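Following: one structure in structure tokens, then a few remarks.
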Amino acid sequence: MNNENRASCIECGEHYKVPSGSTTGIRGHLRTKHKTIFETLEAREARAKARSTVGTVDTNSDSDNDFKVGTSSGDGASRAATITTSSRKRSRKDKMCCEKIPTKRVFTKSPWSKNDDQQKEVVAAMIQWIASAMLPFNIVDNDEFIYFVKVCTKGQYKPISSRTISRTKIPILYNAMKAAVDNKLNEDKPHLDGISFTSDLWTNKTTNAAYIAMTVHYIDSDFQMKRFLVTLQHFAGKHSSEEIAKRLDSITKDLNLGPNVRTTITCDGGANMKKAGKDCVINDVFWCVDHKINLIVQSAASKCKLWRDLSDKMTGLVSFFNHSQKSKDSLIAEASKNPDITITKIVQSCSTRWNSDLYQLQSINELLPAIKIVAEKDVSQNLVNKLPDEEEIEQLRTMIELLKKFEELSHLASAENEVSIVHVIPKLFDLEDELQSISHDSPNPMMKEVVDHYLLEMNDRFPECGAQVLEYAYANMLDPRYKGSTLHGIGQRYHMTKVSLQEAVFNMCKAELKNTPSPHTSQSSIDDIQQDTNTHTQPLKSTTTAYIRRSSISLKVQTFGKVVDNPEGVTSLMAEIKAELENYLTTTPIADNGDILRYWKNQALNYPKLARFARRLLAIPAASSSSERVFSTAGNICGERRTNLSASKVEKLVYIKENLRQMKKMNNVPFIV
């Protein structure tokens, strides 16, 4: 009691009037705010009332002789003994009940004030936990959660409401996180020659709200790969290329990049995104490698009748189990009995989900022994007719091995916080060789047909195994594991890439020189290109992936997205660059498992200009998977049970979630108050 007319709740610290010592007000507070405590209180009172009808209880006594009733002679003594014994049994039962239902601890310390440093620290940690775990705000209103935090803080935590978190704390954390990201970008921007983006659009099926995401990727001066979510914005209205281009321009200009910073963006193959990339201020646009691979697999499957029939049969088998709970339960039971089976769920393929055809076939292949047992036990379900025969099982397993090769490239291209562009040409080159070998040697007609379609689709979407996109070719040459060796197998591509790379590096470095003329190429270099072009057996095709148009290869050289004229003479800068490149290419390549960025960090003094260009080039993501991951986070946050979240709140929560993970890697998590 604070005074004779007021009382304070030791659970939450709220004050109530208690006129004349009445407990009605505090009981009502417990009933509405602390239901568990109130129920425990009622149970205690009920047990005490039950005991009072039999005798007087000494709550401080641990002995069995808790109470006695009656006289000491005759039948009365016998009745007294009976009452005493039965009461003792009930007392023991009550004690056992009390042990089974532990009572909550009563905290005697006063709660912290909202301005107390310890209270702020607890609240800050709680907000970051809620944001990173994508939890609903009203978890802080839960009595059991409040009690848990009180136990951890010895009763001194002062509860805050979900409204306070939603309206005050989340915006504060968002602003702090945005300031931390902006500070890091501003710190690194003066040392950048290039910066890359990924972008995509997504619509929440629950609320039909559309969003555009944009992630930024770059390699800092310490040769560390950095990745941040620049923004997730609500995208109302028509998703036309013009509107997308305007939004991309606005986001890019807000970053305030210097005029010498080269920008690229990687996005999917949607017509609106491709045109928006060409129309916006970003210099170069790349089509997501993973989307291309998925289209190759889907297109080949649709054109090969034998493979399409087998795929449809496997999809029907999966659908059977997905629509029959009884059969699904039987499959799980049989799979659990088999120690060689590590999964119990059969996977359904989806045309828009990368590698889903492979995962469906793998799940069927592993669960096949259990599926056969289920089919034998339940013939009435007509499952036997849906099972693949021995020939089809062999084809299924062959297709699994084939699709694994596409999956390997897909995983490497979508790697997060790693150099991914270097994998495109080598993996496509290896994949093409394996497909050609299968097409030549396989006796299986279905395999020959589907592989031939794969080769046609690859040649259409990745001409010359991707080497026609000069950035991919540059990456192969600047990968110290290959140093352009893969390009030797693609006609004149090695020599053309070598000369073009010199021009591209010059174009990057020329801004540092005063009164520098246009980039020069020696006549010998022009003759090299002319000779390569004359000996090339097929005409060069224009690059559609990066929207580059080539013309008159003997007179012009590609410079990272721009075409520049070649006047006579060679500047001293070009000579330095050529010497660096020659020295680099003549040294021994590093091991296949070598660290590319560590190599360039260690060789920055020996090849300063090439190292700068490598930082700009190797930051380009091969796939737009970073944006896809952002949308996965958004889908988890605004699920079916959180449909009332506003678009602005979704933007903040996704921004915090995505960048909090990156900031933790740099030990730079902002502290909120």
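The values are calculated or read from the model by the stated rules, or taken from the named source; none is laboratory data. It should be emphasised that the depicted structure is a prediction, and the values quoted were computed from it without experimental measurement. Neighbour counts are summed over all protein chains in view; Cβ atoms, including those assigned to glycine, are modelled from backbone coordinates with ideal geometry. Only protein heavy atoms, including side chains, enter the accessible area calculation; ligands, DNA and RNA are left aside. Shrake-Rupley method; radii C 1.70, N 1.55, O 1.52, S 1.80 Å.
For the stretch 412-509, give the percent of accessible area contributed by carbon and sulfur heavy atoms, probe 1.4 Å, rounded to a whole number. Kindly include the intermediate steps, with their values, before the conclusion.
Details: 1440 of 2980 Å².
Of all accessible area on the stretch 412-509, carbon and sulfur atoms account for 49 percent.
At what distance in angstrom do the alpha carbon centres of the stretch 399-477 and the stretch 189-233 lie from each other? Computed from Cα coordinates, the inter-centre distance equals 27 Å.
Only loop residues by DSSP count here, and only those with at most 10 other Cβ atoms within 10 Å; note down the trypsin sites (Lys or Arg not before Pro) in the stretch 582-635 that meet that. Sparse-neighbourhood loop trypsin sites (Lys or Arg not before Pro): none present.
Annotation for the stretch 117-181 versus the stretch 321-374: alpha-carbon center distance of 41 Å. Pairs of C-alpha atoms in the stretch 349-477 farther apart than 21 Å represent 53 percent of all such pairs.
Can you give the relative contact order of the stretch 331-457 as a percent, counting alpha carbon pairs under 8 Å and 6+ residues apart? All intermediate terms of the calculation are to be shown ahead of the outcome.
Working: 91 pairs, mean separation 20.4, N = 127.
Relative contact order here is 16 percent.
Please work out the C-alpha center-to-center distance from the stretch 239-282 to the stretch 599-673 and express it in whole Å. What the calculation gives is 18 Å, centre to centre.
Ordered from highest to lowest accessible area with the whole protein assembly present and a 1.4 Å probe, TRP354, TRP112 read as TRP354, TRP112.
Among residues other than GLU242 whose Cβ falls under 15 Å from its Cβ, what is the net charge (Lys/Arg +1, Asp/Glu -1)? The answer is +3.
Loop-only check: which trypsin sites (Lys or Arg not before Pro) in the stretch 106-184 are DSSP coil with at most 16 other Cβ within 10 angstrom?
Numbers: sites: LYS109, LYS114, LYS120, LYS150, LYS154, ARG163, ARG167, LYS169, LYS178, LYS184; in loops: LYS109, LYS114, LYS154.
Answer in residue order: LYS109, LYS114, LYS154.
A 1.4 Å probe run over the stretch 370-489, with the rest of the protein chains in place, finds 41 Å² accessible per residue. Cross-linked pairs LYS205/LYS649; LYS313/LYS372; LYS150/LYS649: Cα-Cα separations exceed 22 Å for LYS150/LYS649. Of HIS15, HIS323, the residue with the largest accessible area leads and the full order is HIS323, HIS15 (1.4 Å probe).
Would you rank THR206, THR342, THR215, THR315 by solvent-accessible area, highest first, keeping every protein chain in place and using a 1.4 Å probe? Mind dumping the intermediate values first?
Details: THR206 65, THR342 115, THR215 0, THR315 40 Å².
The ordering from most to least exposed comes out as THR342, THR206, THR315, THR215.
Under the definition of Cα pairs under 8 Å and six or more residues apart, what whole-number percent is the relative contact order of the stretch 316-391? List each step's numbers first, then the result.
Working: 58 pairs, mean separation 21.7, N = 76.
It comes to 29 percent, rounded to a whole number.
Checking every one of the trypsin sites (Lys or Arg not before Pro) in the stretch 207-241 against DSSP loop status and a limit of 15 other Cβ atoms within 10 Å picks out LYS238. Shape summary of the stretch 143-183, radius of gyration then Dmax from alpha carbon positions: 14.0, 39 Å.
Relative contact order, percent, of the stretch 233-322 when contacts are C-alpha pairs under 8 Å separated by at least 6 residues?
Working: 65 pairs, mean separation 22.1, N = 90.
Relative contact order, the stretch 233-322: 25 percent.
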